[in-house]
Amino acid sequence: MGMEGRVALVTGAGSGIGAAVARKLDAAGVRVAALDADSTAVELVGGALWCGMAVRAEAADPAQAESAVSTVVDHFGRLDLLVVTTPPVPCPGPRRLGGLTTLALDDETWHSVLATQLDAAFYTTRAALRAMRAGVIVAVAVTCPHLPHQSASAAGVRGLVRAVAEDAAPAGVLVRSVTARCTPDPVEVADTVADLAVTTGGPTWALDSPAGSP
């Protein structure tokens, strides 16, 4: 099955990987809803798509995630594909004296990253599953050996995908993950996502496909 005419919701689409995925799918003829909490950024991305729309929402908020999915379904009539991305924390490179370490990581930063990445992945996935009759969900996890909170979030996203994949299989929804290393090339990750998204047959378990810099 080709991509043309399918409906996709891409989170974190205001910049980086999310924006690259939205453009890649748009070029393949997908009707894309670009979601981001940054209204200005997502309007710029969504407005430049062939047949797209911009959705301003905070994916880490369960009510806003549900509302965003409902908005997309009301506008396009269905949802075939969800791509979950979140802007990763900038990689500081190899540890240096005085750099961010586990002991220096404060509670607020730890919880903020888990919320904006792991919570957002769960809430948007749950909302999408309620609306999808079949299709594909692809979650992008960015892992970084220099950042404990980024690595923990990525591991959580991959674990979530493995569990949800079994849960969603009877509904005909394939759930896959893409693992990117810091600092990923957004276009390369978008190519990998598109390859997974176009596949509607085959295994129903989670597929973890590496992308980005080693």
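The values are calculated or read from the model by the stated rules, or taken from the named source; none is laboratory data. For clarity, every value in this text was computed on a predicted model and none was experimentally measured. Methodologically, a virtual Cβ is constructed for each residue, glycine included, from the backbone with ideal geometry; neighbour enumeration extends over all protein chains shown. These area figures cover heavy atoms from the full protein model, side chains too; ligands, DNA and RNA do not enter into them. Shrake-Rupley method; radii C 1.70, N 1.55, O 1.52, S 1.80 Å.
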(request) Report yes if L44 is surrounded by fewer than 17 Cβ atoms within 10 Å (Cβ to Cβ) and within 29 Å of S151 (Cβ to Cβ), otherwise no. (result) no
(message) Suppose the filter is modelled with pLDDT of 95 or more, within 19 Å of D185 (Cβ to Cβ) and out of contact with any His (no Cβ under 7 Å at 6 or more places or on another chain); does G18 pass it?
(response) yes
(message) Pull out all pairs, ordered by first then second residue, where Cβ-Cβ is under 8 Å, the residues are six or more apart or on different chains, the first lies in the stretch 57-84 and is under 19 Å from D26 (Cα atoms) and part of a loop (DSSP other than H, G, I, E, B), and the second is of a type outside the set (A, V, I, L, M, F, W, C) and open to solvent by 50 Å² or more (accessible area, probe 1.4 Å).
(response) R78/R133
(message) Which of the numbered conditions does M53 fail, given that it passes all the others? Conditions: (1) touching a helix residue (DSSP H, G or I) at 6+ places or on another chain (Cβ under 7 Å); (2) open to solvent by 70 Å² or more (accessible area, probe 1.4 Å); (3) more than 21 Å from S177 (Cα to Cα).
(response) (2)
(message) For the stretch 1-25, give me each residue that is of a type in the set (V, I, T) and surrounded by fewer than 24 Cβ atoms within 10 Å (Cβ to Cβ).
(response) V7
(message) I'd like the full set of residues that are modelled with pLDDT of 90 or more and under 29 Å from A134 (Cα atoms), limited to the stretch 81-109.
(response) L81, L82, V83, V84, T85
(request) Taking the options L44, L35, L25, L9, name whichever one is in contact with a Leu (Cβ under 9 Å, 6 or more places away or on another chain) and either over 18 Å from I137 (Cβ atoms) or assigned to a helix (DSSP H, G or I) (or both). (result) L25
(request) State whether one or more residues within the stretch 179-187 are part of a helix (DSSP H, G or I), modelled with pLDDT of 90 or more, among the acidic types (D, E) and open to solvent by 10 Å² or more (accessible area, probe 1.4 Å). (result) no
(request) Starting from the stretch 27-39, take each residue that is touching a residue at least 24 places away in the same chain (Cβ under 8 Å) and among the charged types (D, E, K, R) and list its partners that are part of a loop (DSSP other than H, G, I, E, B) and surrounded by 18 or more Cβ atoms within 10 Å (Cβ to Cβ), counting only C-beta distances under 6 angstrom and pairs at least six apart or across chains. (result) D36/A13; D36/G14; D38/G14
(request) Filter the stretch 149-166 for residues that are surrounded by fewer than 24 Cβ atoms within 10 Å (Cβ to Cβ) and either of a type in the set (S, T, Y) or in contact with a helix residue (DSSP H, G or I) (Cβ under 8 Å, 6 or more places away or on another chain) (or both) and give the result. (result) H149, Q150, S151, A152, G156, L160, V164
(message) Just the residues that are open to solvent by 30 Å² or more (accessible area, probe 1.4 Å) and of a type in the set (A, V, I, L, M), please, taken from the stretch 116-130.
(response) L118, L129
